[in-house]
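Let me begin by presenting the structure, written as structure tokens, before commenting on it.
Quick note: the coordinates plus some simple rules give every number you see, no bench work behind them. Remember, it's a predicted structure, so these values are computed and weren't measured experimentally. All Cβ positions, glycine included, derive from the backbone under ideal geometry; neighbour counts span all protein chains shown.
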Amino acid sequence: MLILSIFLTSCSGVKKLEIFKQEVEREKLNLNTPTPLELENLKWIIITSNNAEEVFKKLEEKGIDPVLWGLTDKDFELLAKNFARIRNQLVVTNNLLDKYKEYYEGDLEKKNEK
Amino acid sequence: MGIRLFLMGIIISAVIGAGAYVLKLQRDNAILKENAVKLESAISEQKTLIENQKRDFAEILEANQKMNELVSVLKKDLEDLDKRFNKKNRDVGKLAIQRPESIERITNGASALATRCIEIASGSPLTEKEKNATKKSEINTECPSIANPKYIPY
């Protein structure tokens, strides 16, 4: 009786519950890189009180409306600096995006290699 | 007879008990071995984790350093632009009155270069000429830091 009870308790039918955890990598965002800009070159015309008539005459001869949008030398300088600042900001932002991509997706690539 | 049976019972019980105890010890031993393997594996995983963290910190430091370098070279480009306008009390307005045609030519040349700088900043690939430029006469003077990687200011 004793032996039988020992054998019966040893042959318990309940199994250990095993839970498997598997990390599933998040899908890559993979947004397309924006198409680089292709800008048009514009032509600056220097107009002074001495050459104004000549400049307008040349415009008329070329069939261009004799009208100009003007900037003083100081404002032209500011415009040039503003564009340089916008350009620098664009470079920094793009670089930042590259670094984030390199940091996160670079790691994923290494994991995939393993 | 009764005593004999009683003794037999005790002996059998003792043998069974000893056997059960041995089996328990074996099971405990197996669990301990399993635990040791798990601990070793956990230690190894922790080591890998620490190494990965170290590598991540190094990457973060490097990225920060490169970003700071980029910001400082871009700042230099901006300072150079300022110098072009104001070097040695230069007055571009007065120069334009004196020589409108040559200043117009210079302005249009610089404007074309600045336009190209915006294209590069937006992701346009560098041309071979831009990549290989090393002399002052070959570079994009508006933004050499992004347009001419081989150029070292002299």
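Over all other residues within a Cβ to Cβ distance under 11 Å of residue A:47, the charged ones net out to -2, with Lys and Arg as +1 and Asp and Glu as -1. Note on chain B: GNM, Cα springs under 10 Å; of B:94, B:131, B:76, the largest mean-square fluctuation is that of B:94. Between 0 and 90 degrees, rounded to the nearest ten: what's the tilt of helix B:2-86 against the longest Cα principal axis of chain B? The two axes meet at around 0 degrees. In terms of other Cβ atoms within 10 Å, B:10, B:97 run from fewest to most in the order B:10, B:97. The mean number of Cβ atoms from other chains found within 10 Å of a Cβ in peptide B:128-138 is 0, as a whole number.
Taking a Cβ cut-off of under 12 Å around residue A:56, the surrounding Lys, Arg, Asp and Glu residues balance to a net charge of -2, with basic ones at +1 and acidic ones at -1. Compared with the dominant principal axis of the Cα atoms in chain B, helix B:100-121 is inclined by about 10°. Determine which residues of the stretch B:28-62 fall in the zone a paramagnetic label at residue A:33 would reach in this model, i.e. backbone nitrogen under 11 Å from the point 7 Å along Cα→Cβ. Within reach of a label on residue A:33: no residues.
For the pair residue B:112 and residue A:24, label points projected 7 Å from Cα toward Cβ lie 5.7 nm apart. Counted by Cβ distance under 14 Å from residue B:88, the other residues give a net charge of +3, where Lys and Arg count +1 and Asp and Glu count -1. Between residue B:71 and residue B:56, residue separation times 0.36 nm minus the direct Cα-Cα distance comes to 3.2 nm. The mean number of Cβ atoms from other chains found within 10 Å of a Cβ in peptide A:33-41 is 5, as a whole number. Which of these, B:111, B:137, B:72, has the largest mean-square fluctuation under a Gaussian network model of chain B (Cα springs below 10 Å)? Between B:111, B:137, B:72, it is B:137 that shows the largest mean-square fluctuation. Compactness check for the stretch B:104-154: Cα Rg over 2.2 N^0.38 Å is 1.08. Spin-label pair residue A:57-residue B:14: with each label point 7 Å from Cα along the Cα-Cβ axis, the two points sit 13.5 nm from one another.
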